[in-house]
Amino acid sequence: MSKKLEKILILLVDFFTINLTMILFFYFRVQTGWFNLLTEPAFLSTTAAVYLYWIILFTFSGMYKTWFASSRFDEFSTLFKTTFFGIFVLFFLIFYDDYMHGLPPNPPTFIIFYWGLLLISVGSGRIIIRSVQRNLLIKGIGRRNALIIGTGSSALNINQMIKKHRGLGLDIAGFISTDPDEKNFEAINGSLIGSIAILKNLIYENNIKTVIIALEKRQEEVISEVIEKCEGTNVSLKIVPDLYEIISGQARTSQIYGFPLIDIMPELMPEWEKSMKRAIDIIISLVFLVLSLPATLLTAVAIKIESKGPVFYKQERMGLNGKIFKIIKFRSMIQDAEKKSGPVWSMKDDPRITKIGRFIRRVRIDEIPQVINILKGEMSFVGPRPERPYFVEKLSQEIPLYKRRLKVRPGITGWAQVKHKYDESVDDVKVKLRYDLFYIENISLRMDFKILFRTVFVVLFGKGHYE
């Protein structure tokens, strides 16, 4: 089942079950006489508002993220926790509304009855969908190829457990040896397919979606090499629990279908925070576009008067998961600035920068058009600065884990921007990478707000590139 089809089915099931709950509740509340009513509630408007409320809450709690071999108990547990919080909030909203209109408060049984109906209805719908998905995986539909790093007893045990639990949806394509001279395993097992040195090629050649590290002893250098090889491949990287201490601080426990594997460097930001971050980006972008309109018009006129060429400058950048997009900025350099030199970094006293360009860079006005990139979902207000594909490929060869920056949506500002100057050399990139990795490993809404406030300080007091 494709991700798109899965989300459509879940949305349809939730639409049906949430509204069915409201229909049943309305019937029992109004028609049976079980509850005392001063006035009969409006059905359509109330149903639409409640449905929208639950959809937003489900989205923020991560209930529409792609499911893969997760247990149905975990699914229901997430639903229980989300609806418990939602009912709690709903109860106080109803209580406040009754109080403002001078009505007596509804008894607790009123909202508990609705919660019970909602849990049974939505829970049943989702369990049915997940059961269908699990059966499809068992029958061979939608399965994923996996590689096991290691050839010892731990690797063989993991292989047997995965074969036993077909509901995981994993097919082991083979084993990766940590010893390039190993031959006996291949002769006995017949499924050794290579070494770590060619891991990235094997991932692409065999359409690998999951890499499992199953080593017999602590081999920190092996794990580091595997992580580096898997950067930019969009594979799920997991490790057996016995080795959790090796990567302490870089892993988060996450059982899949009750299966004892631990995710290495997963998405550390909860789903509700990611949804909130995106919502904040959209709201601030729309407000900022309106408020910055006078500055935008004045800047456009000034650029056009000073030098020939377009007002806006578009350039290819590499974004989330390596996706290429065109960043939009006010042109701050002469036209065709890199026509002769090719891709180069900006310098502190770069002669290619115009007088207007130097000013709008100092006060960051040149970044305003990137709000369009944010609205399109290509960027965020806060995140690592997007780099050109040419430099990404070049720097990833010189700097380990550089492509780790592509795991989050790039931003207009970031921790590296408020802590360091513009990139003028590879040394600058290395310094800023440490800040970017710190941000990625500690990403949160709190961190984003902290960066935004510090960015305002940088702009107002002229810090950053010209400090």
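Miscellaneous remarks
- Applying the Karplus relation 6.51 cos²θ - 1.76 cosθ + 1.60 with θ = phi - 60° to segment 269-276 yields 3J(HN,Hα) values of 8, x, 4, 5, 6, 5, 5, 5 Hz, where x marks Gly and Pro.
- Amide H contacts for Glu387 (H built 1.01 Å from N in the peptide plane; partners 5 or more residues away or on another chain; cut-off under 5 Å): Met318.
- When the Cα convex hull of segment 373-454 is projected onto planes of every orientation, the mean area is 5.3 nm².
- Close amide-amide hydrogen proximity is noted between Ile328 and Asn373, each under 5 Å apart and 5 or more residues distant or on a separate chain (H modeled in the peptide plane; Pro and chain starts excluded).
- Listed residue pairs exceeding 28 Å between alpha carbons, taken from Lys4/Lys81; Lys314/Lys432; Lys304/Lys419; Lys7/Lys407: Lys304/Lys419
- Going from the residue with the fewest nearby Cβ atoms within 10 Å to the one with the most, Trp115, Trp54 rank Trp115, Trp54.
- Model label zone, Phe312; criterion: amide N under 20 Å from point 7 Å along Cα-to-beta-carbon; scope segment 361-387: 361, 364-382, 386-387
- Bridge type composition, segment 271-461 - antiparallel percent by DSSP, nearest 5: 80
- Sequence ranges 359-372, 73-86, ranked by mean other-Cβ count within 10 angstrom, highest first: 359-372, 73-86
- Remark: spin-label model distance Asn234-Phe28 equals 4.5 nm, labels positioned 7 Å along the Cα→Cβ axis.
- Distance between the pseudo-spin-label points of Ile120 and Glu216 (7 Å out from Cα toward the beta carbon): 5.6 nm.
- Cut-off under 5 Å, modelled amide H: who pairs with Ser236 long-range: Thr210, Val211
- Rounded FRET efficiency, nearest 0.05, which uses the C-beta distance separating Glu393 from Asn157 and R0 of 41 Å: 0.60
- With a cut-off of 13 Å between beta carbons, the residues surrounding Ser131 carry a summed charge of +4, where Lys and Arg count +1 and Asp and Glu -1.
- Using a Förster distance of 51 Å, the FRET efficiency for Phe16-Lys355 (Cβ separation, nearest 0.05): 0.25
Rule-based calculations on the coordinates, nothing more; no lab input. Keep in mind that this is a model prediction, so the values were computed, not measured. A quick note on method: Cβ atoms are made from the backbone with ideal geometry, for glycine too, and the neighbour counts reach across all protein chains shown.
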